[in-house]
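I have placed the structure first, in the form of structure tokens, so that the comments after it can refer back to it.
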Amino acid sequence: MEKSRPLWDNPLQFVFACISYAVGLGNVWRFPYLCQMYGGGGFLIPYLIMLIAEGMPLLYLELAVGQRMRQGSIGAWKIISPYLCGVGVASVVVSFFLSMYYNVINAWAFWYLFHSFQDPLPWATCPLNSNRTGYEEECEKTSSTQYFWYRQTLNISPSLEASGSVQWEQALCLTLAWLVVYLCILRGTASTGKVVYVTASLPYCVLIIYLIRGLTLHGAVNGLIYMFTPKLEQLSNPKTWISAATQIFFSLGLGFGSLIAFASYNEPTNNCQRHAIIVSLINSTTSIFASIVTFSIYGFKATFNYESCINKVILLLLNAFDLEEGSVTADNLNEMKDYLMATYPQEYAQLAPQIKNCSLEAELDTAVQGTGLAFIVYSEAIKNMEVPQLYSVLYFFMLLMLGIGSMLGNTAAILTPLTDSRAIASRFPKEVISGVVCFVNCIIGLIFTMEAGNYWFDIFNDYAATLSLLLIVLVETIAVCYIYGIRRFEKDLYTMIGCKPNWYWKTMWAFVSPLLIISLFIFYLTDYILTGTLQYQAWDATQGQLVTKDYPGYALAVIGLLVAASTMCIPLGALVTFIRKRLKRERISTVA
Amino acid sequence: MLSSASQMHRMLSKYGLVSKQLWEIMHLCHITKCVKAQRMGQSRISILEQLLAEIGMIPIAENHPQMMNNLLSTQYAWDANEEYLFKAMVAFAMRRYSSKSTTQISNVLLCNVTDRVSFWFVVTDSSKNVTTVPGSEVEAAIRMNRNRINNAFLLSDKTLQFLKITSTLSPPVEPSTPVWLIVFGVVLCLIVAGIVFLIISGIRKHKKKNKESTERENLEEKVEVTLENGIPCEALDIKAGHVNGVFAADDERFTSL
């Protein structure tokens, strides 16, 4: 008797699972950066166009495939065409790479969360040096938040070659992160379905709290005005459109097989068209919402730094010229500087190198993305708020929820094909398979807890998924439209949902989305080829800042291997199937 | 500035405390005011050293700790009363440090009070023929009583600065176990408990399901009974049909060969 496929308890769980997966850290730390770099409010135009041209159609496609075939990615593509089993395998491989390095972010979030229960926050002040006469040298050169991130969290080595040892604190946090993921996926959809209620909704609660807090901070408006004023001339820059397309593509998590896996647990009559529209709209709205919060935090931080800079200059002038307290203020600073320059030219000239020109624009211009934004900029802003412990706990808990939500999708993409294959599922129960996957990922993930781990993390983050996903989704779209046949697909959707897809969906699937993906693919390839040697940012402890270095040979080999491992699965899969069919045909012909 | 130095000279001469040294020191106070020292690169003390070297009075440089404070935050104005308090605090510090009860408030001399509220001060020793107490002693005394002096003025180490006396920064309070490990331990125990609970309940459910399914299988077999001549085959299958129970039981009475 065949065991029936586990299902979501209700369609809401499915929607929440998709939202929890799609709304991840990229919405918080990548979209605000793109908005800032490519024209502020004007970036929303290419973003929304790409959402309509590429985001919604591809999402609907994947959900429909999963719901129709009721199998994980490998099984689903095998049904569409036996030569396409390689696509499913490539998805699983990419998901495997992603889950390896993505959970390290959760480990960092745990680390910061646990350190938020102290007063003062450990990243608020520099630690003292050995003879207690001043602060640590490295911390003096850079800021206390950067020091806490680079030295006390990562304990980063000066280059990729100097691997260093495994940091036991980070290893502990990574183990904990994997245990949490295991707890959530242990029972399959039964446990995942309950967890996604929390991981999907809690980040919004925290974002709302932060929105209210952020907008009421001193100087937040500066950030909002600066960032959102549209710089429409950026629209003529092709990079703007490419970044918008890339962001939509990767933000929705297409091509990993997670969406297919989630949709395969649906009732066959579930209206995935409506859900696709809802999920993609919520994902984009969350990005915009998170960027409002981020820009108000930027504004607060920039204003705070600007005012500290001004106060330092004022103190310097007061001490140097023995002026009365209150004679130099922020308002008359420029006039006082001119007056002092005129009256005491010699002394002023001596002092001049130390008098910095404080500029609010310069502070706002520092554009940060990625872990730098999430862990350095935000923690710097938090330490200056009132009751910083509360905001810190809330913020890192939100990061944790976002990260775990995405991890649930990643692990589902790996586990669903494994539990679908009868060879493995009959021998081992679900718990054991999940346990083995989590354990293997945890052990490999220890690489990222070494001193040079953050450099390897950047390699995986930049190269493991980008090209491969574009290729996978391109093959998927072409397969469904031209190999499976769009009419057959239309009929399947009609039997499932009860309405045929209209001309918008069909045009996007057949022409617009594949063209967009091909252009993105060509752009990425030419970009890699033109830049020549790949470089990375290494932390220099003596200078207290990042420096650019070249990747060593073996790192380039690893990058090549990462890309090849997933992309080669597609042609290899087709080849293997072809050979198998040939052999079977020969066997049958010899028997007959 | 010259007027204030000469005023002080006049005041001290009234008490018979003037000496060539003291006058020249005060004169130097005036000179250093004219020559602005770069605060970061060179302390005023070193400028003073240079000047003293020029007029051949080394080593006397260490005698003049200078003080500067930031009063904006404390909401009181700096006037003669505050100066009196300062002199009293320095005298108190000297008394505590050297445990001589001879230092009087009149032994502490301030010079060059600016609007910024920064000034030089000197401590004289009236018992030893009107010399100044060495700067190192004054520094040590102030360092010992820094906290008291700060609190008297409602200021802190940052706002009340003695130019030659670097404050030792207070070390952060570190608990015996780092706080993060405690929180980590709590969360870890909860998660592991959850996993163990889920696994055990899953195993139990699996066993129950297995038992149920085997029971159901047995039930199904009993239902499918084949009949032969109205008698169920199972009844015919028992050994009673093949073996005569009476004779079989007798075998046991005989001893085996």
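The values are calculated or read from the model by the stated rules, or taken from the named source; none is laboratory data. Note that the coordinates shown come from a computational prediction; the quantities given were computed from them, not determined experimentally. Don't worry about glycine lacking a Cβ; one is built from the backbone with ideal geometry, like all the others, and counts go over all protein chains shown. Areas reflect the complete protein model, heavy atoms only, side chains present, ligands, DNA and RNA absent. Shrake-Rupley method; radii C 1.70, N 1.55, O 1.52, S 1.80 Å.
Things to note:
- Residue within the range A:83-105 that is over 26 Å from the mean Cα position of the chain (by Cα), free of Cβ contacts under 8 Å to residues at least 40 places away in the same chain and at negative phi present: no
- Any hit, the range A:540-562, residues being modelled with pLDDT under 90, under 20 Å from A:Phe457 (Cβ atoms) and in contact with a Pro (Cβ under 7 Å, 6 or more places away or on another chain): yes
- Just so you know, in the range A:320-349 the residues that are among the charged types (D, E, K, R) and open to solvent by less than 70 Å² (accessible area, probe 1.4 Å) include one that is farthest from the other protein chains (Cβ to nearest Cβ), and it is A:Lys337.
- Residue, most open to solvent (accessible area, probe 1.4 Å), within the range A:380-432, restricted to residues that are touching a Phe, Trp or Tyr at 6+ places or on another chain (Cβ under 8 Å) and of a type in the set (Phe, Trp, Tyr): A:Tyr391
Conditions tested, residue by residue: (1) open to solvent by 40 Å² or more (accessible area, probe 1.4 Å); (2) more than 21 Å from the chain's Cα centre (by Cα).
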{"residue": "A:Tyr482", "(1), (2)": "yes, yes"}
{"residue": "A:Trp505", "(1), (2)": "no, yes"}
{"residue": "A:Trp509", "(1), (2)": "no, yes"}
{"residue": "A:Phe521", "(1), (2)": "yes, no"}
{"residue": "A:Thr526", "(1), (2)": "yes, yes"}
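- Of all residues making up the range A:298-319, the number that are under 17 Å from A:Asn222 (Cβ atoms), open to solvent by 60 Å² or more (accessible area, probe 1.4 Å) and either among the charged types (D, E, K, R) or within 11 Å of chain B (Cβ to nearest Cβ) (or both): 1
- Taken over the range B:89-121, the residue count meeting the criterion of being within 14 Å of another protein chain (Cβ to nearest Cβ) and either under 32 Å from the mean Cα position of the chain (by Cα) or assigned to a strand (DSSP E or B) (or both) is 6.
- Tally, over the range A:498-549, of residues that are hydrophobic (A, V, I, L, M, F, W, C) and in a loop (DSSP other than H, G, I, E, B): 3
- Filter result for the condition that a residue is surrounded by 20 or more Cβ atoms within 10 Å (Cβ to Cβ) and touching a helix residue (DSSP H, G or I) at 6+ places or on another chain (Cβ under 8 Å), over B:Leu85, B:Leu109: B:Leu109
Yes/no matrix, rows are residues, columns are (1) within 17 Å of A:Tyr38 (Cα to Cα); (2) among the hydrophobic types (A, V, I, L, M, F, W, C):
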| site | (1), (2) |
| --- | --- |
| A:Leu215 | no, yes |
| A:Met227 | yes, yes |
| A:Pro230 | yes, no |
| A:Ser236 | yes, no |
| A:Phe249 | no, yes |
| A:Leu252 | no, yes |
| A:Ala261 | no, yes |
| A:Ser264 | no, no |
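- Those residues of the range A:351-362 which are within 11 Å of chain B (Cβ to nearest Cβ) and either open to solvent by 90 Å² or more (accessible area, probe 1.4 Å) or touching a Cys at 6+ places or on another chain (Cβ under 9 Å) (or both), in sequence order: A:Pro353
- When B:Val196 is tested against (1) open to solvent by less than 100 Å² (accessible area, probe 1.4 Å); (2) more than 11 Å from chain A (Cβ to nearest Cβ); (3) modelled with pLDDT of 90 or more, exactly one condition is not met: (2).
- For the range A:236-250, the candidate set comprises residues that are of a type in the set (S, T, N, Q), part of a helix (DSSP H, G or I) and open to solvent by less than 80 Å² (accessible area, probe 1.4 Å); within that set, the residue that is farthest from A:Phe43 (Cα to Cα) is A:Thr246.
- Residue count for the range A:3-29, restricted to those that are outside any helix (DSSP H, G or I) and out of contact with any Pro (no Cβ under 9 Å at 6 or more places or on another chain): 9
- Within the range B:66-86, the residues that satisfy the criterion of being more than 14 Å from chain A (Cβ to nearest Cβ) and either more than 18 Å from B:Asp157 (Cα to Cα) or at pLDDT below 80 (or both) are B:Ala80, B:Asn81, B:Glu83, B:Tyr84.
- If only residues of the range A:172-191 that are at pLDDT 90 or above, open to solvent by less than 20 Å² (accessible area, probe 1.4 Å) and of a type outside the set (Phe, Trp, Tyr) are counted, the one that is nearest to A:Asn305 (Cα to Cα) is A:Cys173.
- The helices (runs of 4 or more DSSP H) falling completely within the range A:135-233 that include 3 or more residues that are more than 30 Å from A:Asp540 (Cβ to Cβ) and within 14 Å of chain B (Cβ to nearest Cβ) map to A:168-185, A:189-215.
- Taking the criterion of being open to solvent by 50 Å² or more (accessible area, probe 1.4 Å) and under 26 Å from the mean Cα position of the chain (by Cα), the residues of the range B:181-193 that qualify are B:Leu181, B:Ile182, B:Val186.
- Within the range A:118-128, tally of residues that are facing another protein chain (nearest Cβ under 9 Å) and part of a loop (DSSP other than H, G, I, E, B): 5
- For the range A:96-117, taking the residues that are open to solvent by 20 Å² or more (accessible area, probe 1.4 Å) and either in a loop (DSSP other than H, G, I, E, B) or in contact with a Leu (Cβ under 9 Å, 6 or more places away or on another chain) (or both), the one that is farthest from the other protein chains (Cβ to nearest Cβ) is identified as A:Phe97.
- Only one of the numbered conditions (1) under 30 Å from the mean Cα position of the chain (by Cα); (2) open to solvent by less than 80 Å² (accessible area, probe 1.4 Å); (3) more than 27 Å from A:Ala64 (Cβ to Cβ) is violated by A:Ser589, and that is (1).
- Among residues of the range A:346-374 that are more than 20 Å from A:Tyr455 (Cα to Cα), those with a beta-carbon under 8 Å from a residue that is open to solvent by less than 30 Å² (accessible area, probe 1.4 Å) and hydroxyl-bearing (Ser, Thr, Tyr) at least six positions away or on a different chain give the pairs A:Leu360/A:Thr303; A:Glu363/A:Thr303; A:Leu364/A:Tyr298.
- Tally, over the range A:571-592, of residues that are within 21 Å of A:Val89 (Cα to Cα) and not in a helix (DSSP H, G or I): 0
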